Amino acid sequence: MRKKVLLIGDFGIDDSIALIYCILNPEIELVGVVASYGNTPRLFSIRNASFLLTLGRVQVPLIVGPERPLNGTQPNFALDFHGPYGLGPINPPRISYPLFPFNKIFDIIRRFPGEVHIISVSPGTALALTYTLSREQIITQVPSINIMGGAYLVPGNITPIAEFNFWSDPVAANNTMNQGGNIQNIPLNVTGKALVNQSLIQLITAKNTNPFTPIIGAILSYFLAANLKASPGIQGTPVHDLLAVLALVHPNLFTFVHRKVQVISDQGPAFGQSIADFRLGSNKTAKKRFPSIAVDINVKEFRKEFIRILTSPLRK
Ligand code: RIB
Ligand code: CA
């Protein structure tokens with residue numbers, strides 16, 4: 001049976017690759033998309049998601065997500081990495097795709113009880129609000145929640161120690177990571193290993209197999225250049241958000257450990273930092289009720305899957 005996915009993104013480049021993967025993968029049935037602020041202002045995030053859904057001939061509820069973090073401060077966008085509109089060099093056409101209010105999330109979860117997997121690849125604000133606004137524990141009907149965010153004992157990507165999604169709304173990230181239940185956390189520890197270089201991009205875009213091919217080429221090349229500028233010498237660009245989707249459909253590609261997680265929201269150098277206990281022996285206190293954190297990935301199999309799906313034709 002296909003897995004039903006509700007994707008929450010801040011539709012910049014890697015979010016868009018994650019969305020394209022969801023559209024092209026026959027193992028996934030997209031049942032809704034939430035467009036949040038993050039890499040770009042919310043307006044661009046909505047515009048990019050509308051563009052890609054239209055190109056993929058997909059009609060699902062596109063839900064208007066939050067436009068700022070829970071503490072009300074102005075967000076910091078990541079336009080240096082994602083381009084002026086969030087899609088690298090592309091300024092997508094304005095498409096009037098039907099939009100839905102936030103509570104549509106609950107209609108979707110109710111419509112398919114026990115079947116809707118949530119994948120959150122933006123700042124955690126939308127997911128935290130989903131928990132807060134969820135009536136009658138509807139959120140407990142969700143079989144799994146995959147969250148891209150955090151960096152454990154590895155360098156951050158927005159500060160020396162913090163990862164962008166958790167740093168953008170650490171209060172939301174801390175709330176959601178402590179909700180228990182079936183949370184899979186996909187941090188920089190693994191997204192920093194699954195890199196895409198220019199020859200892999202060329203391999204994927206050599207033939208126009210689907211309507212996304214030229215976009216995939218343009219946005220990944222842009223992301224590669226931006227990441228190389230920020231981190232000279234890296235072997236390719238990460239595609240962070242895609243890995244949160246992969247962890248749902250191919251969990252066997254990852255190594256997970258259960259750990260309690262704390263995300264720091266105190267102002268100061270640790271703002272946005274994610275902390276878990278990885279001392280030797282800490283596995284003895286690891287409990288299943290804590291989130292499972294991906295700590296390793298099979299990079300060879302990741303590449304195969306990346307090529308397989310992104311070069312697939314559009315489903316009928
Ligand atoms: O740190 C990586 C995350 O930040 C990804 O979700 C990427 O899209 C950016 O928002
Ligand atoms: Ca993202």
Exercise. How many lysine pairs does the chain hold where the Cα atoms are under 16 Å apart and the two sit 8 or more places apart or on different chains?
Worked result: 6
For this session: Once you've got the GNM for the chain with C-alpha springs shorter than 10 Å, pick whichever of Asn39, Asn25, Asn165 has the biggest mean-square fluctuation.
Result: Asn25
Problem set entry | Counting DSSP beta bridges with both ends in the chain, the antiparallel % (nearest 5) | 25 percent
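Carbon-plus-sulfur fraction of the accessible area of the chain, 1.4 Å probe, in percent? Spell out each step's value before the answer.
Numbers: 7380 of 13480 Å².
Answer for the chain: carbon and sulfur cover 55 percent of the accessible area.
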Exercise. Given charges of +1 on the Cβ of Lys and Arg and -1 on the Cβ of Asp and Glu, with all other atoms neutral, how large is the dipole of the stretch 254-295 about its Cα centre, in debye to the nearest 20?
Worked result: 320 debye
For this session: Mind listing the long-range amide H neighbours of Ser144? Cut-off is under 5 Å, sequence gap 5 or more, other chains count too, H placed in the peptide plane at 1.01 Å from N.
Result: Ile118
Seminar exercise, completed: Percent of all alpha-carbon pairs of the stretch 3-310 at distances over 24 Å, whole number, is 47 percent
Exercise. In whole angstrom, how far apart do the alpha carbon centroids of the stretch 241-308 and the stretch 166-233 sit?
Worked result: 15 Å
Exercise. Where only protein heavy atoms count, and the probe is 1.4 Å, what is the accessible area per residue for the stretch 168-282 in Å²?
Worked result: 43 Å²
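Just to be sure I understand: of the beta bridges DSSP finds with both ends in the stretch 154-293, what percent are antiparallel, rounded to 5? Mind dumping the intermediate values first?
Working: 6 of 8 bridges.
Around 75 percent of the beta bridges assigned by DSSP in the stretch 154-293 are antiparallel ones.
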Exercise. Which of Leu188, Pro143, Ala172 sits closest to the plus end of the dipole of the stretch 3-310, meaning its Cα is farthest towards the positive end, when Lys and Arg get +1 and Asp and Glu get -1 on the C-beta?
Worked result: Pro143
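If the only charges are +1 at each Lys and Arg Cβ and -1 at each Asp and Glu Cβ, what is the size of the charge dipole of the stretch 3-310 around the Cα centre, to the nearest 20 debye?
On the way: 25 positive and 18 negative charges, 96 e Å.
With only Lys, Arg, Asp and Glu charged at Cβ, the dipole is about 460 debye.
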Exercise. Taking the chain as a Gaussian network, where each spring joins two C-alpha atoms under 10 Å apart, which residue of Gly192, Gly12, Gly124 fluctuates the most?
Worked result: Gly192
Problem set entry | Most fluctuating residue given options Gly180, Gly38, Gly72, as computed from a GNM of the chain linking Cα atoms under 10 Å | Gly72
Problem set entry | Residue-wise HN-Hα coupling along the stretch 167-177, computed from phi with Karplus coefficients 6.51, -1.76, 1.60 (Hz; x: Gly, Pro) | 5, 5, 8, x, 5, 4, 4, 5, 4, 5, 5
Seminar exercise, completed: For the stretch 224-238, Karplus-derived ³J(HN,Hα) couplings (6.51, -1.76, 1.60; θ = phi - 60°; whole Hz; x for glycine and proline) come out as 4, 4, 5, 6, 5, 5, 6, 10, x, x, 5, 7, x, 9, x
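The values are calculated or read from the model by the stated rules, or taken from the named source; none is laboratory data. If you're wondering where the values come from, they're calculated on a predicted model, not measured in any experiment. Because the Cβ atoms are built from the backbone with ideal geometry, glycine has one as well, and the counts that use them run over all protein chains shown. These accessible areas exclude ligands, DNA and RNA; they are computed on the full protein's heavy atoms, side chains included. Shrake-Rupley method; radii C 1.70, N 1.55, O 1.52, S 1.80 Å.
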